[in-house]
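The values are calculated or read from the model by the stated rules, or taken from the named source; none is laboratory data. Note that the coordinates shown come from a computational prediction; the quantities given were computed from them, not determined experimentally. Ideal geometry is used to build each Cβ from the backbone, glycine not excepted, and the neighbour counts take in all protein chains shown.
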Amino acid sequence: MPEISLPKTYDFSAVEERIYAWWEKSGFFKPSNDPNKPGFDPSRKPFVISIPPPNVTGELHLGHAMFVSMEDLMIRYHRMKGVPTLWVPGTDHAGIATQLQVEKMLAREGLTRDQIGREEFVRRAWEWKNKYGGIITRQIRRLGASCDWERERFTLDEGLSKAVREAFVRLYEKGMIYRGPRMINWSPGLRTAVSDLEVEYSQEQGTLYYFKYMLADGSGEYIPVATTRPETILGDSAVAVHPEDERYQRFIGKKVIVPILGREIPVIADPYVDRSFGSGGLKVTPAHDPNDYQLGQRHGLEFISIMDEAARINQNGGPYAGMDRFECRKKIWADMEAAGLTIKTEPYMMSVPRSQRGGEPIEPMISTQWFVRIQSMAEAALEAVRDGRIKIIPERFVKVYYNWLENIQDWCISRQLWWGHRIPVWYCGDCGEMTVSRVDPTRCAHCGSPRIEQDPDVLDTWFSSGLWPFSTLGWPDPTPDLAYFYPTSVLETGYDILFFWVTRMIMMGLEFTGQVPFHTVYLHGLIRDEHGQKMSKSKGNVVDPLEVMNQMGTDALRFTLLVGSTPGNDVNLSLKKVEANRNFANKLWNIGRFVLGALEQAPDTPLREPIWTLPDSWIWARLQDLVRQVDRLFNAYQYGEAGRQIYEFIWGDFADWYVEIAKQQLAEGGDRAFWTAYTLTRVLDMSLRLLHPFTPFVTEELWGYLKQACMAKSIAFSPRGGWEEALMVAHFPEPREPEEWEAQTLEDFALVQEIIRGIRNLRTEKKVPPSRRIPAVIVCGERLDVLKAQAAVVAHLAVLDPAQLIFEHTLEEKPNPAISLVVAGVELYLPLAGLVDRDEERARLEKELAEAQGQIERLEKLLNSSFAEKAPPAVVEKERQKLAVWQETAARLKGQLEALL
RNA sequence: GGGCGGAUAGCUCAGUCGGUUAGAGCGCAUCUCUUACAAAGAUGAGGUCGCAGGUUCGAGUCCUGUUCCGCCCA
């Protein structure tokens with residue numbers, strides 16, 4: 001037999017990399033039923049997840065750690081259940097983020113992207129991608145991710161670019177894509193349009209400026225107007241008042257003069273104007289405010305753009321041309337003050353739109369961009385959730401989903417960037433028509449002219465990630481993968497990208513494949529620090545998952561994230577918790593060491609059929625119950641609770657009780673030792689299987705040793721069906737109906753536990769030295785047989801002297817002097833001469849009795865109330881039994897008290 | 001303005017068919033290096049489950065209102 005000697009402490013650093021490499025090399029990450037291989041069975045339903053693709057040049061953060069842990073858990077669970085399982089990995093080109101990184105690199109060389117030109121820039125970006133693109137996927141492997149790396153995709157690779165082309169052209173041909181000047185959100189820092197979602201509004205202290213819009217008739221009268229952005233006066237094309245506002249009704253239809261510029265603009269009436277805001281007069285700047293834009297359209301006003309792409313004032317700003325928008329704000333106000341046009345200023349809390357990426361104020365501007373007509377797609381996406389084809393977990397996000405899709409605006413998909421999928425549209429220099437094509441054209445489709453030029457813009461990154469669940473499987477080509485693995489099963493991601501990504505995948509999935517891209521959306525929460533604060537570099541509370549893994553191991557981090565979370569709720573991560581879970585891995589490791597040692601001690605084969613002890617049966621019943629719970633919880637997506645229960649079983653039941661008892665049973669030798677070792681190995685094996693999806697490394701490593709030791713020992717220690725090649729491809733325990741004996745076993749053992757705890761408690765209270773074996777008398781009544789059979793267990797765990805441990809049905813004469821106690825109707829006497837203080841004992845017993853009587857009173861009252869008639873009989877019966885036990889306890893306590901006199 | 005979430009032990013959180021004196025980890029106190037584990041073991045202290053109503057035989061759990069904190073949308 002090979003000598004197996006495991007280190008005393010689990011050394012994850014010596015395990016993780018080796019195990020992962022072995023898994024990958026063995027092909028365990030690949031689907032068990034591959035449509036591209038012989039013997040494929042199309043009737044078996046697969047379980048599929050497409051990874052939320054991280055930024056290709058990004059670095060691992062806790063958000064990644066969260067989704068990888070969660071998805072790997074689901075994947076490993078299904079794989080172990082025998083379901084053909086595929087997890088498609090990949091990365092996203094992340095247009096803006098990556099472009100900014102490349103620009104930063106250029107800046108270090110003193111270059112800008114304009115200096116080197118588009119072609120060179122894109123070349124550099126690819127270079128960057130090739131250099132740093134592997135980092136994030138290596139880090140994801142580090143987390144134990146069991147994805148099929150041979151199917152890894154990148155949004156800018158050839159196949160996915162083809163998918164993007166196809167999608168764009170199809171939408172265009174259906175008339176669902178259009179180009180035109182619209183009001184969009186412009187990021188002056190990035191010099192590109194951004195979508196509504198990429199704008200964040202922050203409440204900031206600003207100023208409300210009141211000034212005079214002088215009438216053009218020379219009367220000297222004016223309309224007082226208030227604005228937070230005086231520079232936009234330059235683009236004003238009307239002043240609006242409420243039609244019923246008595247203060248200004250007489251001005252409607254007249255002209256007023258734009259300050260400084262001297263342009264004449266009309267006074268219009270519109271009920272949109274809020275009479276109570278400011279002075280009640282509203283300046284209208286249709287080209288630089290979304291609300292004014294609509295007013296402008298309603299009233300046919302002039303749209304005057306006053307800023308360029310850097311948000312500097314353009315030639316329409318007269319004397320202010322060339323100035324920065326905020327500089328202009330100061331200057332124009334100063335000039336107006338000098339001209340006597342100002343009234344007053346006051347502090348004002350305003351909502352400032354800021355770029356989600358760069359942070360600078362977004363400028364609403366009119367710009368020619370490409371848009372997707374979203375209405376019909378949004379309706380289809382709504383329907384898919386309404387009719388249950390897609391389920392969202394937790395359910396409360398359904399409402400958020402509805403609300404967003406019901407109020408959706410057309411999606412601006414063009415970006416003025418260089419890194420991304422270039423818009424497949426060519427403009428003809430001769431006829432001016434557009435050619436939209438799946439393959440790059442050389443001539444205009446309308447006039448045949450070769451003088452065509454491609455649109456310089458690229459598509460929003462989310463346009464390509466919206467295709468992800470099917471583009472990664474080969475769409476638009478009808479590949480075997482697409483046919484078998486699509487639709488995917490679960491889309492798992494953080495709730496913060498529900499709108500950005502999830503809704504778009506659903507819309508595009510339905511549009512292009514006619515099917516929902518997944519049947520379930522599982523949303524996890526955001527990771528915060530241990531006090532619920534958002535992690536940020538400026539606060540200095542950022543936790544680096546790599547560092548955590550270096551210090552405590554991957555399993556500890558994974559278990560913390562998985563068990564510390566409930567669906568959709570944020571997770572406060574503390575290193576203390578990770579540490580506790582590292583300790584758990586170590587605990588498991590040491591249970592393993594013990595079991596392996598036990599196996600060595602035990603005989604190779606039994607002589608006869610097993611005679612199970614109560615603890616043997618108990619741990620088995622507990623395990624069966626655990627398997628049922630885990631099954632139920634997994635089906636309900638209650639992964640955290642499942643993990644907690646497994647943890648409690650392993651530590652609280654298996655290690656704390658069964659392992660301790662097993663030591664004694666092993667010492668008996670013979671068949672008892674054999675069947676104990678057998679139980680230990682079976683329970684450990686099952687525990688490792690249950691735990692594996694949470695903490696894959698330590699379980700796999702330990703299971704390997706267990707398997708090796710069991711196989712070396714004898715065939716008798718094999719699980720049903722034999723040992724699989726690896727734990728990660730071993731069968732997950734299946735629940736079975738509870739058997740007759742289980743409930744009684746659990747009850748009996750619970751009584752044993754109570755007795756042991758009762759004695760331990762008294763020992764501590766009386767300061768009996770922990771190692772001193774003391775005598776005890778246990779008066780059991782009806783339970784005599786059950787308890788007597790556990791004498792050795794009680795003696796062992798309560799540190800009693802077996803020779804002086806007496807079990808009685810009833811007792812004529814109480815031991816005296818003795819410390820006594822009643823536990824669940826069972827009397828305990830610890831004859832400890834010298835430790836018994838009568839007064840003290842009396843006080844203690846009276847306290848116990850008072851407690852028992854309180855319980856009796858409470859239960860009698862309860863059972864005499866309508867509870868007895870209205871509650872289910874089983875519930876009532878349970879309370880009746882409790883009452884009986886308390887009554888017996890009280891009676892025996894009274895007897896003990898009398899004996900003390 | 002609309003919507004959602006949270007409020008449970010000193011801290012961080014579980015508690016998803018409502019079942020009758022509420023659980024975990026960490027922290028705290030006392031004791032123990034007992035040959036799986038001191039990253040451990042034993043024992044203990046600690047909570048009127050935000051507040052006010054209601055439904056029910058029974059509410060941390062369901063309903064209404066309310067306070068505070070956080071988030072999303074406009």
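Specify which of the listed residues (A:396, A:422) is out of contact with any Leu (no Cβ under 6 Å at 6 or more places or on another chain) and within 16 Å of RNA strand B (Cβ to nearest atom). Break it down stepwise before answering.
On the way: A:422 fails: within 16 Å of RNA strand B (Cβ to nearest atom).
After applying the criteria, what remains is A:396.
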Residues of segment A:166-189 classified as surrounded by 21 or more Cβ atoms within 10 Å (Cβ to Cβ) and more than 16 Å from RNA strand B (Cβ to nearest atom), total: 7
Test: residue in segment A:184-199 that is under 29 Å from residue A:439 (Cα atoms), part of a helix (DSSP H, G or I) and touching a residue at least 12 places away in the same chain (Cβ under 8 Å): no
Output for segment A:336-370, where each listed residue is touching a helix residue (DSSP H, G or I) at 6+ places or on another chain (Cβ under 8 Å) and among the aliphatic types (A, V, I, L, M): A:336, A:366
Search result, residues across segment A:481-521 that are charged (D, E, K, R), touching a residue at least 40 places away in the same chain (Cβ under 8 Å) and closer than 20 Å to residue A:396 by Cα: A:492, A:504
Filter result for residue A:702 (within 16 Å of RNA strand B (Cβ to nearest atom), within 35 Å of the chain's Cα centre (by Cα) and buried (at least 22 other Cβ atoms within 10 Å of the Cβ)): yes
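Scan segment A:759-772 for residues that are at pLDDT 90 or above and either more than 7 Å from RNA strand B (Cβ to nearest atom) or loosely packed, with under 15 Cβ neighbours inside 10 Å (or both) and jot them down. Break it down into steps so the answer makes sense when it comes.
Restricting attention to segment A:759-772, the residues satisfying the condition of being at pLDDT 90 or above are A:759-760.
Of everything in segment A:759-772, just one residue is at pLDDT 90 or above and either more than 7 Å from RNA strand B (Cβ to nearest atom) or loosely packed, with under 15 Cβ neighbours inside 10 Å (or both), namely A:759.
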Subset of segment A:613-654 (residues that are closer than 19 Å to residue A:742 by Cα, within 11 Å of RNA strand B (Cβ to nearest atom) and in contact with a Ser or Thr (Cβ under 6 Å, 6 or more places away or on another chain)): A:650
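Within segment A:255-269, track down each residue that is part of a loop (DSSP other than H, G, I, E, B) and crowded, with 17+ Cβ neighbours inside 10 Å. Walk me through how you get there before you give the answer.
So the first thing to find is which residues in segment A:255-269 are part of a loop (DSSP other than H, G, I, E, B), and the list is A:258-263.
A:258, A:259, A:260, A:261, A:263 - these are the residues of segment A:255-269 that are part of a loop (DSSP other than H, G, I, E, B) and crowded, with 17+ Cβ neighbours inside 10 Å.
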Of all residues making up segment A:538-591, the number that are more than 18 Å from the chain's Cα centre (by Cα) and either under 16 Å from residue A:693 (Cα atoms) or near RNA strand B (Cβ under 8 Å from one of its atoms) (or both): 16
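Can you tell me which residue in segment A:1-45 is surrounded by the most Cβ atoms within 10 Å (Cβ to Cβ), limited to those that are more than 16 Å from RNA strand B (Cβ to nearest atom) and among the aromatic types (Phe, Trp, Tyr)? Give the steps one after another, and end with the answer.
Restricting attention to segment A:1-45, the residues satisfying the condition of being more than 16 Å from RNA strand B (Cβ to nearest atom) are A:1-2, A:17-45.
Then drop every residue that is not among the aromatic types (Phe, Trp, Tyr), which leaves A:20, A:22-23, A:28-29, A:40.
Working: A:20: 21, A:22: 14, A:23: 21, A:28: 17, A:29: 23, A:40: 14.
By that ranking, first place goes to A:29.
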Residue list for segment A:846-870, filter: closer than 17 Å to residue A:827 by Cβ, charged (D, E, K, R) and touching a helix residue (DSSP H, G or I) at 6+ places or on another chain (Cβ under 8 Å): A:846, A:848
Checklist (1) outside any helix (DSSP H, G or I); (2) in contact (Cβ under 8 Å) with a residue 12 or more places away in the chain applied to residue A:111, failing item: (2)
Unmet requirement for residue A:521, which otherwise passes all of (1) β-branched (Val, Ile, Thr); (2) surrounded by 22 or more Cβ atoms within 10 Å (Cβ to Cβ); (3) within 13 Å of RNA strand B (Cβ to nearest atom): (3)
Among the residues listed as A:858, A:880, the single one being free of Cβ contacts under 8 Å to residues at least 40 places away in the same chain and within 10 Å of RNA strand B (Cβ to nearest atom): A:858
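If only one of A:673, A:716 is aliphatic (A, V, I, L, M), within 16 Å of RNA strand B (Cβ to nearest atom) and in a helix (DSSP H, G or I), which one is it?
On the way: A:716 fails: within 16 Å of RNA strand B (Cβ to nearest atom).
So the residue among A:673, A:716 that is aliphatic (A, V, I, L, M), within 16 Å of RNA strand B (Cβ to nearest atom) and in a helix (DSSP H, G or I) is A:673.
Quick check on my filter: what residues within segment A:717-738 are exposed (fewer than 15 other Cβ atoms within 10 Å of the Cβ) and either in contact (Cβ under 8 Å) with a residue 24 or more places away in the chain or within 30 Å of residue A:12 (Cβ to Cβ) (or both)? Let's see the steps before the verdict.
Quick first cut of segment A:717-738, residues exposed (fewer than 15 other Cβ atoms within 10 Å of the Cβ) only: A:720-722, A:725, A:731, A:734-738.
Listed by number, the residues that qualify are A:721, A:722, A:725, A:731, A:734, A:735, A:736, A:738.
Would you mind stating whether residue A:95 is at pLDDT 90 or above and over 22 Å from the mean Cα position of the chain (by Cα)?
On the way: at pLDDT 90 or above: no; over 22 Å from the mean Cα position of the chain (by Cα): yes.
Answer is no for this residue.
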Per-region count, segment A:272-299, residues at pLDDT below 85 and part of a loop (DSSP other than H, G, I, E, B): 9
Strands (runs of 3 or more DSSP E) wholly inside segment A:447-528 containing at least 2 residues that are more than 19 Å from the chain's Cα centre (by Cα): A:452-454
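On the basis of being in contact (Cβ under 8 Å) with a residue 24 or more places away in the chain, more than 30 Å from residue A:377 (Cα to Cα) and buried (at least 19 other Cβ atoms within 10 Å of the Cβ), does residue A:549 make the cut?
On the way: in contact (Cβ under 8 Å) with a residue 24 or more places away in the chain: yes; more than 30 Å from residue A:377 (Cα to Cα): yes; buried (at least 19 other Cβ atoms within 10 Å of the Cβ): yes.
Spelling it out, residue A:549 is indeed in contact (Cβ under 8 Å) with a residue 24 or more places away in the chain, more than 30 Å from residue A:377 (Cα to Cα) and buried (at least 19 other Cβ atoms within 10 Å of the Cβ).
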Selection status of residue A:659, part of a helix (DSSP H, G or I), aliphatic (A, V, I, L, M) and surrounded by fewer than 22 Cβ atoms within 10 Å (Cβ to Cβ): yes
Pairs where the first residue, in segment A:576-590, is in a helix (DSSP H, G or I) and the second is near RNA strand B (Cβ under 6 Å from one of its atoms) and of a type in the set (Val, Ile, Thr), C-beta under 9 Å, 6+ apart: A:586/A:9; A:589/A:9; A:590/A:9
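Here is a yes/no grid of residues against (1) out of contact with any strand residue (DSSP E or B) (no Cβ under 9 Å at 6 or more places or on another chain); (2) of a type outside the set (D, E, K, R):
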residue	(1), (2)
A:739	yes, no
A:797	yes, yes
A:814	no, no
A:820	no, yes
A:836	no, yes
A:843	yes, yes
A:847	yes, no
Cβ pairs under 9 Å, 6+ apart, first in segment A:832-843 and under 11 Å from residue A:819 (Cβ atoms), second of a type in the set (D, E, K, R) and not in a helix (DSSP H, G or I): A:832/A:766; A:835/A:766; A:835/A:767; A:836/A:766
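Taking residue A:445, is it of a type in the set (Gly, Ala, Ser) and within 16 Å of RNA strand B (Cβ to nearest atom)? Can you show your working first?
Numbers: of a type in the set (Gly, Ala, Ser): yes; within 16 Å of RNA strand B (Cβ to nearest atom): no.
The answer is no for residue A:445.
If a residue counts only when it is loosely packed, with under 13 Cβ neighbours inside 10 Å, which strands (runs of 3 or more DSSP E) contained entirely in segment A:775-884 have at least 2 such residues?
Working: elements: A:800-808, A:819-823, A:826-830.
So the answer is A:800-808.
If you take the residues of segment A:862-877 that are within 6 Å of RNA strand B (Cβ to nearest atom) and among the small types (Gly, Ala, Ser), which of them is nearest to residue A:851 (Cα to Cα)? Spell out the reasoning first.
To start, the set of residues in segment A:862-877 that are within 6 Å of RNA strand B (Cβ to nearest atom) comprises A:862, A:865-867, A:870-872, A:875.
Subsequent filtering for residues that are among the small types (Gly, Ala, Ser) retains A:865-866, A:871.
Numbers: A:865: 21, A:866: 24, A:871: 25 Å.
The qualifying residue nearest to residue A:851 (Cα to Cα) is A:865.
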